[in-house]
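Here the structure is laid out as structure tokens; the discussion comes afterwards.
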Amino acid sequence: VQLQASGGGLVQDGGSLRLSCTPSERKYGNYVMGWFRQPPGKEREFVAAISWSFGSTNYAVSVKGRFTISRDSAANTVYLQMNSLKPEDTAVYYCARGYKGPYSESTTDYEDWGQGTLVTVSS
């Protein structure tokens, strides 16, 4: 299974980007799509997750109110709208799919991973 993430790039402090992720294999039933990020020299961390069937969402405290996760079932795509970006948001962003609910924030709770897309926020 491949999860194709796209939409990263270079943006100025305060700018916006939208990331997209489309799994190569459509799943049925309930599962969770999540976004994680790995800043340079740091560990991968949870950003946001959404329950595919119910639309329940969960956000890391650091992005709440600035980032929005959503999904398009017909397109089998999950999005991460990132507004008011800060230099500390600079990281490689990964999408992932898991089956333990949107409140799962550990990387070990997710089974399928994408290759990552780089987001760089300049000051």
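The values are calculated or read from the model by the stated rules, or taken from the named source; none is laboratory data. Keep in mind it's a predicted model, so treat the numbers as computed, not measured. Please note: Cβ atoms are built from the backbone with ideal geometry, for glycine as well, and neighbour counts cover all protein chains shown. Each accessible area value is taken on the protein alone, full model and side chains, heavy atoms only, with ligands, DNA and RNA left out. Shrake-Rupley method; radii C 1.70, N 1.55, O 1.52, S 1.80 Å.
For the reader, a short list of remarks on this structure follows.
- The listed residues Trp113, Trp52, once ranked by accessible area (1.4 Å probe) with the largest placed first, stand as Trp113, Trp52.
- Within-13-Å neighbourhood charge of Glu25 [Cβ basis; K, R +1; D, E -1]: +1
- Modelled FRET efficiency - R0 30 Å, Lys64 with Ser20, Cβ distances, 0.05 increments: 0.90
- Surface exposure of the chain, expressed per residue as accessible area with a 1.4 Å probe, stands at 50 Å².
- Within straight-line reach of Lys64, meaning a Cα separation under 20 Å, sit the following lysines at least 8 residues removed in sequence or on another chain: Lys86.
- For Lys100, the lysines whose Cα falls under 18 Å of its own Cα, not counting residues fewer than eight places away in the same chain, are Lys27.
- The distance between label points at Gln38 and Tyr103 comes to 2.8 nm (points 7 Å beyond Cα on the Cα→Cβ vector).
- The GluC sites (Glu not before Pro) of the range 1-85 that DSSP puts in a loop, and whose beta carbon has at most 12 other beta carbons within 10 Å, are Glu25, Glu43.
- Per-atom-type breakdown for the chain gives carbon and sulfur 46% of the accessible area (1.4 Å probe, protein chains only).
- Gly101 sits among other residues whose Cβ lies under 14 Å from its own Cβ, and their net charge, with Lys and Arg +1 and Asp and Glu -1, is -1.
- Fully extended contour minus Cα-Cα distance, from Ser56 to Glu88, at 0.36 nm per residue: 8.9 nm
- Sequence-distant residues sharing a close amide H with Ser53 (under 5 Å, placed H): Tyr31
- For Lys42, the aspartates and glutamates whose Cα comes closer than 17 Å to its Cα, not counting residues fewer than 8 places off in the same chain, are Glu88, Asp89, Glu105.
- Phi-derived couplings, Karplus 6.51 cos²θ - 1.76 cosθ + 1.60 at θ = phi - 60°, listed residue by residue for the range 78-87: 10, 10, 10, 7, 10, 10, 6, 5, 10, x Hz, with x used for Gly and Pro.
- Subtracting the Cα-Cα distance of Glu45 and Ala74 from their residue separation scaled by 0.36 nm leaves 7.6 nm.
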